[in-house]
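Reading through the structure tokens given below for one structure.
The values are calculated or read from the model by the stated rules, or taken from the named source; none is laboratory data. Everything quoted here is computed from the prediction, not taken from an experiment. We place every Cβ from the backbone using ideal geometry, glycine too, and count neighbours over all the protein chains shown.
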Amino acid sequence: MWFAFLLAQVFVALVAGGAATEALLSAVQNTDDCPTCLALLGAFQTIALTGDDAFIVEFTSLCIGLGAADPDVCTGLIELEGPILAHDLRLINTTGQTAEKLCDALLGMCVTHPINPFTVPFPKPAPSNPKKFISRGRPPIRVAHLSDVHIDRMYTIGSEANCTKPICCRDFADSPAIPTEPALPNGNSHCDSPISLADSLLEEVERLNPQFSIFTGDVVEGAVWLVAQPEATTDLQAFNEQMASKLTAPIFPSIGNHDTAPVNEFARTTSNAANNSQFVFDTQSAGWEQWIGPTAAFEVDHNSGSYWAKVPGLDLRIIAVNTQYWYKQNFWLYDSDVVQPDPNGIIAFLVDALQATEDAGERAWIIGHIPLGKEDTMQDQSNYYDQVLQRYINTIAGQFFGHSHKDQFEIAYSNYSEQTAANAVSVGLIGPALTPTSGNPAFKFYDIDPDTFSVVDSSPTSPTPSSKSAPRGLRMNPLSPAFWHNLTEVFAVNETAFQMFNTFLSRGGAVTACDADCQNTTICDMRAFRSQDNCDTPTPGFQMRRRSTTSHEHDGCEGSGLAHILSSMVEAAK
């Protein structure tokens, strides 16, 4: 009863507010393809031109009135992210390429557009006789791969674990007095990681004694409508302290899309905006210096979170790149109609680091948060990254990412038109998540050849005996790009093997049925380390939204971001 009354009042307020708000409501109701999405941006633009406050009020009222999310979620999220979207709309043509890309990010519409041509400049051509790294058969070294811990430091044992919000297991103002499903000490699938689960992770890593570890981002929890800069700073500092107190060996971290506030939002240097993420770089520069050294820490602070550092005692360099400048859900990327091939110079930094590695006769690992083949990676920047990969293919020994919350891999080819084992040149290994929201908590261990620095074996590991054990899977040796391609060939003809893989994606904790069409799309995605080559193509009509793809692939890290809210609003208005 109260909801119907509230809905009526909101709609009355919208109509009373004038033609712009009436047009906005109509545009939301009519949105189901690219032209109507662009019209929706036009309606939002009209309100944005009157100022941030009016934009937030109208957007929030509509979100609450349509029941797109709980009122506190609508209010908090739009207050945090709404000004960035309003900033974008005041600066772009709502029928141009940038607007189309924004519709892709927000609603999965206008998804088809050509790659903007750009040739990455290289300081030197590839050597005609590159240095060969040959295994001498020495015992492997062990490396741990941690990702997506999403620690909720307000996790409350006994609170409601089955709530109506994107993340539960907290004492929200509207929580029931008696929970229907009390939160247990070590987590729940509707909730992010309690501190105790993160402690278990780090203690298990220390017990297994790696030579070093990598962490591919996402510390901050998923109650994104509540996370402002102070909490994000505290969460980042606290996890740095946790790692320092429990891990003896060095750790090489990278930044995730959740590791800022508002979530996903990293301003470009061209944005001339005060609301940026320099606080993240300041915080992590100070927190990571103990592992990466002062020079690399300076780079974190001055290269938008990217750095390179040498692993002690090895001819191996870790190059960490801030992939969020290539992420569709970073709405700072849509505030100009001028094409910017390399926001914040991340690709240029990567080229310089790889050239220095090649000149030194060493090898490199690239680590980052978002894999380059995912649907939520900008196709332009994924294409340009591939140019870098092809040029320095003899220098790059490994690539490691997170973000999807799944135990996955993506293969790069010298020729994507002929995807064969012979043309497979590299692979991106994607680590599983600690947070229970996408399956059983896990991390990975790799056995590494100490001469080539290639991965020769891999296995997932559960961080705590109190969690359901993650399947260990098949031990694989050697793990060359050709091996991974041949594995996809097996998946294409062996239903049992593929379904085993489908179970392992979530470590058996959140298995989603995958039929023949899904199987084909999933295999296609395995063979796509460029996002332009994946097969996550939305279906026609309003269901073309990016969350309705045939492979059930989705962005495990976005949570209840602005795109989720707007999608829910459009769906609720139907």
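For S336, the requirement of being assigned to a loop (DSSP other than H, G, I, E, B), closer than 26 Å to M526 by Cα and hydroxyl-bearing (S, T, Y) is not met.
Screening G313, G305 for residues that are assigned to a loop (DSSP other than H, G, I, E, B) and crowded, with 16+ Cβ neighbours inside 10 Å leaves exactly one candidate, G305.
Remark: pairs (first residue in the range 225-239, closer than 11 Å to T260 by Cα and of a type in the set (D, E); second residue in a helix (DSSP H, G or I) and at pLDDT 95 or above; Cβ separation under 9 Å; 6+ apart in sequence or on different chains) are absent.
In this structure, does R138 turn out to be in contact with a helix residue (DSSP H, G or I) (Cβ under 9 Å, 6 or more places away or on another chain) and either outside the structural domain of E221 (by TED's automatic domain parsing) or surrounded by fewer than 18 Cβ atoms within 10 Å (Cβ to Cβ) (or both)? Quick ask: steps written out before the conclusion?
On the way: in contact with a helix residue (DSSP H, G or I) (Cβ under 9 Å, 6 or more places away or on another chain): no; either outside the structural domain of E221 (by TED's automatic domain parsing) or surrounded by fewer than 18 Cβ atoms within 10 Å (Cβ to Cβ) (or both): yes.
No, not satisfied.
Of all positions in the range 55-78, none carries a residue that is of a type in the set (D, E), farther than 15 Å from L24 by Cα and in contact with a Phe, Trp or Tyr (Cβ under 6 Å, 6 or more places away or on another chain). The set of residues in the range 343-367 being within 16 Å of K124 (Cβ to Cβ) and outside any helix (DSSP H, G or I) consists of A360, G361, E362, A364.
Considering only residues that are in a loop (DSSP other than H, G, I, E, B), among the charged types (D, E, K, R) and at pLDDT 95 or above, which ones fall in the range 172-212? Selection gives E181, D192.
Residue-wise test of (1) modelled with pLDDT under 65; (2) acidic (D, E); (3) in contact with a Leu (Cβ under 6 Å, 6 or more places away or on another chain); (4) assigned by TED's automatic domain parsing to the domain that holds E204.
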| position | (1), (2), (3), (4) |
| --- | --- |
| D457 | no, yes, no, yes |
| P463 | no, no, yes, yes |
| A470 | yes, no, no, yes |
| E495 | no, yes, no, no |
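Restricting the search to the range 266-302, which residues are within 18 Å of E79 (Cα to Cα), crowded, with 24+ Cβ neighbours inside 10 Å and of a type outside the set (S, T, Y)? Please lay out each step first, then the result.
Taking the range 266-302 first, the residues within 18 Å of E79 (Cα to Cα) are 266-267, 273-277.
Now drop any that are not crowded, with 24+ Cβ neighbours inside 10 Å, which leaves 266-267, 277.
F266, A267, listed by residue number.
Within the range 120-158, being within 30 Å of F172 (Cα to Cα) and either part of a strand (DSSP E or B) or among the acidic types (D, E) (or both) holds for L146, D148, I151, D152. Being modelled with pLDDT under 95 and among the small types (G, A, S) is the filter; apply it to the range 65-101 and report the residue that is farthest from the chain's Cα centre (by Cα). Only one residue tops the list, namely G65.
Restricting to the range 316-348, count the residues that are of a type in the set (D, E) and either outside the structural domain of I292 (by TED's automatic domain parsing) or buried (at least 22 other Cβ atoms within 10 Å of the Cβ) (or both).
Let us first name the residues in the range 316-348 that are of a type in the set (D, E), namely 335, 337, 342.
Adding the requirement that they be either outside the structural domain of I292 (by TED's automatic domain parsing) or buried (at least 22 other Cβ atoms within 10 Å of the Cβ) (or both) leaves 335.
Final tally of qualifying residues: 1.
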